[in-house]
Amino acid sequence: MVSTPSDEYDVLALRYASRGSNKASEYFRYDIYRQPDQVQEMDYFFWLVRNNDRTVLVDCGFNRERGLAKNRVQEIDPIELLARVDVKAQDVDHVVISHLHYDHVGNVDLFPNATFSIAREEYDFWSGTYGSRELMKAFVIPEELQMVQDLNKQERLHFIDGSDEIFPGVVATLSVVTPRVRSWSRSARIPATWCLLPTPCITTRNSSSTVHSNFSMT
């Protein structure tokens with residue numbers, strides 16, 4: 001890797017799965033917008049943020065077996081995908097968890113040397129009364145919630161209140177909208193600013209209309 005300052009990073013968006021769907025299925029009460037239904041392709045990504053000093057992931061994808069139980073199929077194992085860009089699981093220093101849905105935290109147990117960050121509000125929601133209600137169970141997997149709670153017991157979980165610079169140049173900020181990064185390009189050398197996504201969320205499609213996703217369930 002070319003030498004970079006400690007607060008600048010190469011950022012790669014790593015796609016490990018995709019599926020075909022339609023907008024009526026993916027957006028909450030899509031019918032009230034009186035728009036024709038359309039094909040909606042769904043891609044599944046996690047992010048690699050790295051420089052010479054550290055290797056950080058933003059989310060880590062869904063687990064292969066538990067994903068299959070929800071009819072979600074990996075096109076490539078996230079660990080294999082990381083290996084293709086010369087990253088081993090044990091090399092990952094830190095994982096930023098944007099939120100606790102199964103397609104974001106399914107592989108947290110595969111990074112033995114990593115610490116983790118999550119918004120305290122997100123953790124408290126899923127650990128509390130509302131997170132255990134029947135409606136919400138479709139979005140998370142209890143086994144994976146337990147994995148994250150175990151990380152907390154092991155003192156490997158860092159809570160974020162508001163905004164926090166996790167490492168020089170890596171900032172996580174609590175947001176109420178879909179996560180955004182300064183650059184959506186496949187690979188870029190930038191300071192990395194990430195938004196943490198509490199549950200539920202709003203997806204802004206364009207400047208004139210807002211469509212609510214199904215709790216960002218993918």
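The values are calculated or read from the model by the stated rules, or taken from the named source; none is laboratory data. Owing to the predicted nature of the structure, the values given are computational and were not obtained by experimental measurement. Reconstructed Cβ throughout: ideal geometry from the backbone, glycine too, with neighbour counts over all protein chains shown.
Per-structure values
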read-out: Enumerated helices (runs of 4 or more DSSP H) restricted to the stretch 1-116, each holding at least 2 residues that are touching a Cys at 6+ places or on another chain (Cβ under 9 Å), farther than 17 Å from F167 by Cβ and not small (G, A, S); value: 102-105
read-out: Lone qualifier among F62, F111, F28 - being over 19 Å from Y9 (Cα atoms), more than 16 Å from the chain's Cα centre (by Cα) and of a type in the set (F, W, Y); value: F28
read-out: Matching residues, the stretch 119-146, being of a type in the set (K, R) and modelled with pLDDT of 90 or more; value: R120
read-out: Residue pairs meeting the criteria (Cβ under 7 Å; at least 6 apart or on separate chains; first over 14 Å from D124 (Cα atoms), in the stretch 137-163; second of a type in the set (S, T, N, Q) and surrounded by 12 or more Cβ atoms within 10 Å (Cβ to Cβ)); value: R156/T115; S163/T173
read-out: Considering residues of the stretch 1-20 that are surrounded by 12 or more Cβ atoms within 10 Å (Cβ to Cβ) and over 20 Å from the mean Cα position of the chain (by Cα) only, the residue modelled with the highest pLDDT; value: E8
read-out: Criterion (charged (D, E, K, R), without any contact (Cβ under 8 Å) to a residue 12 or more places away in the chain and at positive phi) met by exactly one of R29, R34; value: R34
read-out: Qualifying residue in the stretch 30-43 (condition: modelled with pLDDT under 95, hydrophobic (A, V, I, L, M, F, W, C) and either under 30 Å from V170 (Cα atoms) or buried (at least 22 other Cβ atoms within 10 Å of the Cβ) (or both)); value: yes
read-out: Number of the condition not met by V171 [criteria: (1) modelled with pLDDT under 95; (2) assigned to a loop (DSSP other than H, G, I, E, B); (3) under 25 Å from V11 (Cα atoms)]; value: (2)
read-out: Residue within the stretch 60-74 that is of a type in the set (A, V, I, L, M, F, W, C) and surrounded by 16 or more Cβ atoms within 10 Å (Cβ to Cβ) present; value: yes
